[in-house]
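Notes follow the structure.
Readers should treat all values here as calculations from the given coordinates under stated rules, not as data from a laboratory. Not measured: the values here are computed from a predicted model. Positions of Cβ are backbone-derived with ideal geometry, glycine not excepted, and every protein chain shown enters the neighbour counts.
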Amino acid sequence: MKTLNVEMTVTPKTPKQIRKGVKLLLSALKITDAKPVYLSFTHRSDTYLNSFCFKNCEDEKKKTGCAIIYGWSLWEDKKLGFYEAEFHSVIKDNGDLIDITPRRKNEDSILFVADMSKTSGRKSVNSWYSWSNCKIVNGHVAEVSVELEIVQADGELSEFQTAHAIAGKK
């Protein structure tokens, strides 16, 4: 297997349709039993921050007793043949999946697929276990998802602490 090293500037957005690239992501993630769904943002609290889905869902569970569902937000830059799965959490309340995490780029909706084989959890006061993004470029897996630890940076975006696994390397 060859290593694919590509440097490009991408502008990923919510896929408007379930195309071949999205299906390749699902295959790379080994998701066979769940269908992607579009979720709009639902405001639940002014204290919930973008990029802090794990903490937002954890706080909402403490308040309401809802379930936390882990899975992937799916993104594409169709012009560049770029597809990405970003590990994400939403809540399940009265049987409905609800995304309570504000958007960084004001997307109307996200394409979310639940992944019951992957979980997240708090490791310490300011960190969680999670998964790195999976990326596909021009039909080839450019980056596989690996377990990692996310450390909360002082009220800003979370920072990732791991070495990314590149296709072809262990």
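Take the Cβ-Cβ distance between K79 and K35 as r, set R0 to 30 Å, and report the resulting FRET efficiency rounded to the nearest 0.05.
Numbers: r = 26 Å, r/R0 = 0.86.
For K79 and K35, the calculated efficiency is 0.70.
In nm, give the distance between the simple-model label positions of D108 and K23, each being 7 Å from the Cα along the Cα-to-Cβ direction.
My value for the distance between the label points is 2.5 nm.
Before anything else, pin down the relative contact order of the range 20-166: Cα pairs under 8 Å, at least 6 apart, normalised by residue count, whole percent. Could you put the intermediate results ahead of the total?
Values: 299 pairs, mean separation 38.2, N = 147.
The value is 26 percent.
For the chain, count all C-alpha to C-alpha pairs, find those more than 20 Å apart, and express that count as a whole percent of the total. List each step's numbers first, then the result.
Numbers: 7414 of 14365 pairs.
The calculated P(r) of the chain puts 52 percent of pairs beyond 20 Å.
What pairs from K16/K135; K35/K123; K35/K118 go past 24 Å between their alpha carbons? Before the final figure, lay out the partial values.
Values: K16/K135 18 Å; K35/K123 29 Å; K35/K118 16 Å.
Violating the 24 Å limit, Cα to Cα: K35/K123.
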